[in-house]
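Each remark here refers to the structure printed beneath this line.
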Amino acid sequence: MLNKKSVDDINVKGLRTLVRCDFNVPLKDGKITDENRLVAALPTIKKLIADGGKVILCSHLGKPKGEPKPEMSLAPVAARLSQLLGQEVKFAADNEVVGPNAKAAVEAMKDGDVVLLENTRYRIEETKNGEAFSKELASLADVFVNDAFGTAHRAHCSNVGVTQYVDTAVVGYLMQKEIDFLGNAVNNPERPFVAILGGAKVADKLNVIANLLEKCDTLIIGGGMAYTFLKAKGYEVGTSLVDNEKIDYCKEMMEKAEKLGKKLLLPIDTTIAKEFPNPIDAEIQVSVVDSNAIPADMMGLDIGTKTAELYADAVKSAKTVVWNGPMGVFENPILAKGTIAVAKSLAETDATTIIGGGDSAAAVNTLGFGDKMSHISTGGGASLEFLEGKELPGVAAANDR
Ligand code: AMP
């Protein structure tokens, strides 16, 4: 259990309650194309409304880099949240975020009202955790609630700095749920515990590999990063993505797995093509070969069919599964088969299944398996850092229980 005070430990009746949410949703032509993060934020917001708080929401969206950029305004989020909550979420349009408009909107609030501030990254200080903007945010609030798991691996004004200038800083339900699921899986898993890692580069996941190898029973590697492992085994991997500087690291991890008596599964066959598809979803000629038989002029772009079965079998016997990163270039339907097979095996098991955010979350949702998973994290970077065993600054900043 997370040892931080939560919204259940406070009474916000009549209090100005500043809530840091993660409303960093994808937008296309002003329309939200994936609203999972909004839906995930509702339980905390509803609870604070029901308690009679004055609920002031804030978030970043995209990377406006300290300048007001209309295409990254949170206005569309306010409109959609109003629908989801069934009550008005007043949008405090304000290029200073905490400028005259925002202050006036907060001033006019009654108990149970909801206001959404403008994109916190309109302010250059936000990502530098600057004092002035942290104080401005705190000046709007009697109480601070952090429910933005997706930003918890960053120390910014709106999730960390602000906590220094309020008396009470607690976490929301989403933050609690994320940490409970990920924390239980890593530190107290029902075994066998199978961890599946994919994605492009080994270098991005060094610490996750090392930490999960200690905690899990079986570590499965797929995606682009598998080829550095295969090369470390002495295989010819053709023109596949390889991180030459990390070959020794992969050798070390394979030795470590052996020493710890853990299974480390690598692709036994691989889907290859002449070149990387361009555009990424282009029609492409592929074939499947054993992993030790990749021709010098070919590139591995997905796990092969035998590997997909091997990985699905490992998932079948697991009681806990954590998955982060696609098994191949899943943006291309021809190269998505390995990722789909793994997603399907997770959907079909009774094990606790946890999907790290980012591409694997998107893949699972697009395939329609979302509601079959025990938990889909709303944070890509944050869940990876958590799986590395790091303390997340956004969580650490909340008051201890
Ligand atoms: P990441 O952001 O590290 O999770 O990596 C996700 C990206 O890895 C996706 O865009 C995939 O297209 C890419 N990827 C997966 N497998 C491969 C591969 N075999 N070769 C090159 N890129 C890959």
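The values are calculated or read from the model by the stated rules, or taken from the named source; none is laboratory data. These figures come from a predicted structure and were not determined experimentally. Using ideal geometry, Cβ is built from the backbone for each residue, glycine included, and neighbour counts are taken over all protein chains shown.
Brief remarks follow.
- Candidate set: the stretch 278-334, residues that are within 14 Å of the ligand (Cβ to nearest atom) and charged (D, E, K, R); chosen: the one farthest from A347 (Cα to Cα): D281
- Within the stretch 139-156, the set of residues being under 20 Å from the mean Cα position of the chain (by Cα) and crowded, with 24+ Cβ neighbours inside 10 Å comprises V145, N146, D147, A148, F149, G150, T151, A152, H156.
- Residue satisfying condition, being more than 19 Å from V321 (Cα to Cα), surrounded by fewer than 18 Cβ atoms within 10 Å (Cβ to Cβ) and of a type outside the set (S, T, Y), within set A203, A210, A273: A203
- If you go through the stretch 344-401 and keep only what is buried (at least 17 other Cβ atoms within 10 Å of the Cβ), more than 15 Å from the ligand (Cβ to nearest atom) and part of a loop (DSSP other than H, G, I, E, B), you end up with T349, A351, F369, M373, T378, L392, A397, A398, N399.
Yes or no, residue by residue, for (1) over 28 Å from N207 (Cα atoms); (2) outside any loop (DSSP other than H, G, I, E, B); (3) at pLDDT below 95:
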site	(1), (2), (3)
T271	no, yes, no
E275	yes, no, no
N278	yes, no, no
D281	yes, no, no
Q285	yes, no, no
A296	yes, no, no
A308	no, yes, no
M327	no, no, no
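- Flag for D297 being surrounded by fewer than 21 Cβ atoms within 10 Å (Cβ to Cβ), assigned by TED's automatic domain parsing to the domain that holds S240 and under 30 Å from P189 (Cα atoms): no
- Search result, residues across the stretch 329-343 that are surrounded by fewer than 19 Cβ atoms within 10 Å (Cβ to Cβ) and either assigned to a helix (DSSP H, G or I) or touching a Gly at 6+ places or on another chain (Cβ under 7 Å) (or both): P333, I334
- Against the conditions (1) out of contact with any strand residue (DSSP E or B) (no Cβ under 7 Å at 6 or more places or on another chain); (2) in contact (Cβ under 8 Å) with a residue 60 or more places away in the chain, P279 satisfies every one except (2).
- Residue within the stretch 204-215 that is touching a Gly at 6+ places or on another chain (Cβ under 9 Å), more than 16 Å from the ligand (Cβ to nearest atom) and acidic (D, E) present: yes
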